[in-house]
Amino acid sequence: MPTNHTPNYALNQWERDDRILMDDFNADNAKIDAAIRAEADARAAGDATLRTALNAKGNCQIWVTTYKGTGMHGKDSPNSITFPWMPSIVFVVEKNMAVFIPGVRQVNPHGNVLGVLEVTWDGTTLSWYSITGASEQFNSGKSYSVIAFMPI
């Protein structure tokens with residue numbers, strides 16, 4: 001029979017002069033098995049709770065890319081991005097400026113967004129231009145980020 005035990009699970013810790021018995025080993029194995037099972041059950045319950053919470057938030061994938069503006073603008077020099085599938089919402093961002101471009105079902109029939117950009121969708125390709133200037137078109141030679149929320 002062991003003299004000492006571990007602090008967390010009271011597993012046997014033998015000293016040189018302790019008598020070693022098979023029952024002690026079996027008891028330790030049963031404690032270890034129970035602790036591992038309890039951890040696995042707790043993890044599974046936590047994962048299920050997390051999945052439920054995430055599902056309640058809605059399902060989407062965030063897709064990002066970047067591009068460098070060309071300095072051009074207008075109908076003959078549109079910006080264009082092809083997405084892996086149709087996004088619900090697209091943001092084009094440059095430092096402290098951003099433009100929100102709705103997905104295809106939300107753009108008005110004339111494709112005009114805020115009177116500044118002409119926006120068109122062709123399948124999963126978004127194109128836009130501005131007759132006002134390259135800056136308003138988000139194409140003024142700077143680096144731009146594109147963030148799209150893609151439904152799953």
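I'd like the full set of residues that are at pLDDT below 85 and open to solvent by 100 Å² or more (accessible area, probe 1.4 Å), limited to the range 56-86. Result: 57, single match.
The set of residues in the range 117-139 being within 19 Å of residue 95 (Cα to Cα), open to solvent by 40 Å² or more (accessible area, probe 1.4 Å) and in contact with a strand residue (DSSP E or B) (Cβ under 8 Å, 6 or more places away or on another chain) consists of 136 alone.
Selection over the range 31-54 of residues that are modelled with pLDDT of 90 or more and either open to solvent by 80 Å² or more (accessible area, probe 1.4 Å) or in contact with a helix residue (DSSP H, G or I) (Cβ under 6 Å, 6 or more places away or on another chain) (or both) gives a count of 5. Could you count how many residues in the range 107-133 are at pLDDT 85 or above, closer than 12 Å to residue 78 by Cβ and small (Gly, Ala, Ser)? Counting residues in the range 107-133 that are at pLDDT 85 or above, closer than 12 Å to residue 78 by Cβ and small (Gly, Ala, Ser) gives 2.
Taking the conditions (1) closer than 15 Å to residue 149 by Cα; (2) in contact with a helix residue (DSSP H, G or I) (Cβ under 9 Å, 6 or more places away or on another chain) in turn, residue 1 satisfies each one other than (1). Cβ-Cβ contacts under 7 Å between residues 6 or more apart (or on different chains), taken from a first residue in the range 47-61 that is touching a residue at least 24 places away in the same chain (Cβ under 8 Å) to a second residue that is open to solvent by 90 Å² or more (accessible area, probe 1.4 Å), are listed as 59/152; 60/152; 61/152. Pairing residues of the range 11-29 that are without any contact (Cβ under 8 Å) to a residue 40 or more places away in the chain with residues that are aromatic (Phe, Trp, Tyr) and open to solvent by 50 Å² or more (accessible area, probe 1.4 Å), at Cβ distances under 9 Å and at least 6 apart in sequence or on separate chains, gives 12/25; 20/14; 24/14; 28/9.
Across the range 90-106, the qualifying residues are those that are open to solvent by less than 50 Å² (accessible area, probe 1.4 Å) and farther than 17 Å from residue 151 by Cα, and the one among them that is modelled with the lowest pLDDT is 99.
Screening residue 9 against (1) assigned to a strand (DSSP E or B); (2) over 21 Å from residue 137 (Cα atoms); (3) of a type in the set (Ser, Thr, Tyr) leaves a single unmet condition, (1).
Sub-6 Å Cβ pairs linking a first residue in the range 66-80 that is touching a residue at least 12 places away in the same chain (Cβ under 8 Å) to a second residue that is hydrophobic (A, V, I, L, M, F, W, C) and open to solvent by 80 Å² or more (accessible area, probe 1.4 Å), at least 6 apart or interchain, are 74/131, ordered by first then second residue.
The values are calculated or read from the model by the stated rules, or taken from the named source; none is laboratory data. Because the structure is predicted, anything quoted here is derived from the model rather than measured. Note that we place each Cβ from the backbone using ideal geometry, even for glycine, and neighbour counts take in every protein chain shown. In case anyone asks, the SASA skips ligands and DNA or RNA and just uses the protein heavy atoms, side chains included. Shrake-Rupley method; radii C 1.70, N 1.55, O 1.52, S 1.80 Å.
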